[in-house]
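The structure appears right after this line, and notes come after that.
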Amino acid sequence: MTYTEEQLTQIEQYASIYLKISDMAVILGIPAETLREDIANQYTDVSQAYRRGKAASKVKLHHQEMLLAQVGSPLAIENAHRNLLDMEDDE
């Protein structure tokens, strides 16, 4: 399916708040399975927008987690360590 720039922007915004694909589809007025399949294909514009939205929020969460870890939060330290291991596994 071809998506407009406005739809791509909306999908990126929805993904950044971790809205379910089925809910995005309802709002956009398209079949959920179509949107899901298009997002699954990493080479589509809609997939890129979706992943960009998710990644942008993950950056914010990781940043907040790091700030909490730096002031001594045990849970944040543990999560930051897990994030580091995930990062190194992905290298």
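The values are calculated or read from the model by the stated rules, or taken from the named source; none is laboratory data. Keep in mind it's a predicted model, so treat the numbers as computed, not measured. All Cβ positions, even for glycine, are placed from backbone atoms using ideal geometry, and neighbour counts span all protein chains on display. To get the accessible areas, we keep the full protein, side chains included, count just its heavy atoms, and leave off ligands, DNA and RNA. Shrake-Rupley method; radii C 1.70, N 1.55, O 1.52, S 1.80 Å.
Using the basic label-point model (7 angstrom from Cα toward the beta carbon), what is the GLU5 to GLU33 distance in nanometres?
It works out to 3.3 nm between the two label points.
For region 1-84, which whole-number percentage of the solvent-accessible area (1.4 Å probe, protein heavy atoms only) is attributable to carbon and sulfur atoms?
Carbon plus sulfur share of accessible area: 57 percent.
Expressed as an acute angle from 0 to 90° and rounded to the nearest 10, what is the orientation of the C-alpha long axis of helix 74-89 relative to the principal long axis of the chain?
Between helix and principal axis, roughly 60 degrees.
Relative to the longest principal axis of the chain, what angle (0 to 90°, nearest 10) does the C-alpha long axis of helix 45-70 take?
That helix lies at roughly 20 degrees to the long axis.
With every protein chain present, what is the per residue accessible area of the chain (1.4 Å probe, Å²)?
In whole numbers, the chain has 71 Å² accessible per residue.
Please quote Rg/Rh for the chain to two decimal places, taking the Kirkwood radius as Rh and restricting both calculations to Cα atoms.
1.11
Packing-wise, with mean Cβ within 10 Å as the measure, how do 35-41, 81-87 rank, highest first?
Per-residue mean Cβ counts within 10 Å order the peptides as 35-41, 81-87.
Can you work out the base-10 log of I(q)/I(0) for region 1-51 at q = 0.12, 0.17 1/Å, using the Debye formula on its C-alpha atoms alone?
Result of the Debye calculation: -0.19, -0.39.
Only sites in a loop by DSSP and with at most 15 other Cβ atoms within 10 Å count here; which chymotrypsin sites (Phe, Trp or Tyr not before Pro) in region 1-77 make the cut?
Here the chymotrypsin sites (Phe, Trp or Tyr not before Pro) that fit, given the DSSP loop and packing criteria, are TYR18, TYR43.
Note down the magnitude of the dipole of the chain about its Cα centre, charges +1 on Lys and Arg C-beta and -1 on Asp and Glu C-beta and zero elsewhere, to the nearest 20 debye.
I would put it at about 280 debye.
Counting alpha carbon pairs within less than 8 Å and at least 6 residues apart, what relative contact order, in whole percent, applies to region 1-46?
Result for region 1-46 is 39 percent.
Between the helical axis of 5-16 and the dominant principal axis of the chain, each derived from Cα atoms, what acute angle in degrees is found, rounded to the nearest 10?
30
Which of TYR50, TYR18, ASN83 sits farthest toward the positive end of the charge dipole of the chain, with +1 on the Cβ of Lys and Arg and -1 on the Cβ of Asp and Glu?
TYR18
How high is the relative contact order of the chain, in percent, with contacts defined as C-alpha pairs under 8 Å that are six or more residues apart?
26
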